[in-house]
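The values are calculated or read from the model by the stated rules, or taken from the named source; none is laboratory data. Here the structure is a predicted model, which means the values were calculated and not measured. All Cβ positions, glycine included, derive from the backbone under ideal geometry; neighbour counts span all protein chains shown. What goes into the accessible areas is simple: the full protein's heavy atoms, side chains included, and nothing from ligands, DNA or RNA. Shrake-Rupley method; radii C 1.70, N 1.55, O 1.52, S 1.80 Å.
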Amino acid sequence: MSQRIALVTGAVGGLGTAICKSLSAAGVRVVGNFYPGDPAKDAWVEARKAEGLDIPLYGFDVSDYEQCKAAVETIAAEVGPIDILVNNAGITGGNAKTWEIDPADWRRVMDINLNGPIYCCRSVVPHLIKNGHGRIVNIASIAGKEGNPNAAHYSASKAAVIALTKSLGKELATSNITVNAV
C-alpha cells in the first residue's frame, strides 16, 4: 500500500479526517480535498502536521466537473497517479418536509452528494483504467436504503450513490478496479 495514492474528498470534516488518518496508517499516500474557502482548512493542516501527517490539500468544488477534472490532473502531475478515490464529500442539507424543501437546497444536496462522486469518478476512472488497477469507495448512508423523514433530498442523494456504485462496479468489473459503497 505504501506506493498507493488516495484522493479523499471532503477530507476536512470529521469522517474525512478519520478516513485520511486510517489510510495514512495503512501506508497510503493521502491527498485531501476541501471546499475552496473553507475556514477549517488551515487548522486542519496544522493539526495533521502536529500528528506527523503530511496530507496535502487541494481546494476544488466537487459539484463542478471542470474543477474536479483539473484537480485530478494537477494531483497526478504533482503527487502521482491516483490509485484510490474515496468520495466522502457530502452535506445533509437541513431538515424539512419533502414538500417544503427549498428547490435550491435540493439542487445543492444533489450537486454535492451525487454529482460530486460522478464528476470525481469521471475524472479519476480513466487514470485507473490506464494504470490497470484501482479502488473507489463511495460514502453512502443507511438513509439511502431506508429514507429519513424530513430529509428526502439527503436520502434520495444517498440512494442514488448506492445505485451509482452498483452500476460503476459492474462497468469496471473486468478492469481490476473495485467500486464499493460504505
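I want the local charge near Ala18. Using Cβ-Cβ distances under 15 Å, sum +1 for each Lys or Arg and -1 for each Asp or Glu among the other residues. That sum, taken over residues with Cβ under 15 Å, equals +1. Angle check, please: helix 14-25 long axis (alpha carbons) against the longest principal axis of the chain (alpha carbons), in degrees 0 to 90, nearest 10. That works out to roughly 20 degrees.
Going by alpha carbons, how many degrees (0 to 90, nearest 10) lie between the helix axis of 65-78 and the longest principal axis of the chain? So the helix axis and the longest Cα principal axis differ by about 20 degrees. Within the listed set Ala143, Ala76, Ala104, the residue fluctuating most in the Gaussian network model of the chain (springs between alpha-carbon atoms under 10 angstrom) is Ala104. A Förster distance of 35 Å, applied to the separation of the beta-carbon atoms of Thr174 and Glu100, puts the FRET efficiency at 0.15.
Grab the Cα-Cα distance for Ile162 and Asp54, subtract it from 0.36 nm times how many residues apart they are, and report the gain in nm with one decimal.
On the way: separation 108, 0.36 × 108 = 38.88 nm, distance 3.15 nm.
Roughly 35.7 nm would be gained on extension.
If you sort Ile5, Ile162 by accessible surface, 1.4 Å probe, largest first, the order is Ile162, Ile5.
Among residues other than Leu114 with Cβ under 13 Å from its Cβ, the summed charge is +3 (Lys and Arg +1, Asp and Glu -1). Between Glu73 and Asn131, the modelled labels are 1.9 nm apart [label points 7 Å from Cα along Cα→Cβ]. Across the stretch 131-136, coupling constants 3J(HN,Hα) worked out from phi with the 6.51/-1.76/1.60 Karplus curve, θ = phi - 60°, read 7, x, 6, x, 9, 10 Hz, and Gly and Pro carry x.
Tell me the carbon and sulfur percent of the accessible area for the stretch 57-159, rounded to whole percent, probe radius 1.4 Å. Within the stretch 57-159, the accessible surface is 52 percent carbon and sulfur.
What does the accessible area per residue of the chain come to in Å², with a 1.4 Å probe and no ligands, DNA or RNA counted? Walk me through the numbers on the way to the answer.
Values: 8970 Å² over 182 residues.
Roughly 49 Å² per residue, with all protein chains present.
Estimated from helical segments only, the mean residue ellipticity of the chain at 222 nm is -14500 deg cm²/dmol, where each DSSP H run of four or more residues counts as -39500 (n - 2.57).
Computed from backbone phi with θ = phi - 60° and the Karplus coefficients 6.51, -1.76 and 1.60, the 3J(HN,Hα) list for the stretch 168-180 is 5, x, 5, 5, 9, 4, 9, 10, 6, 10, 9, 10, 9 Hz; x is used for glycine and proline.
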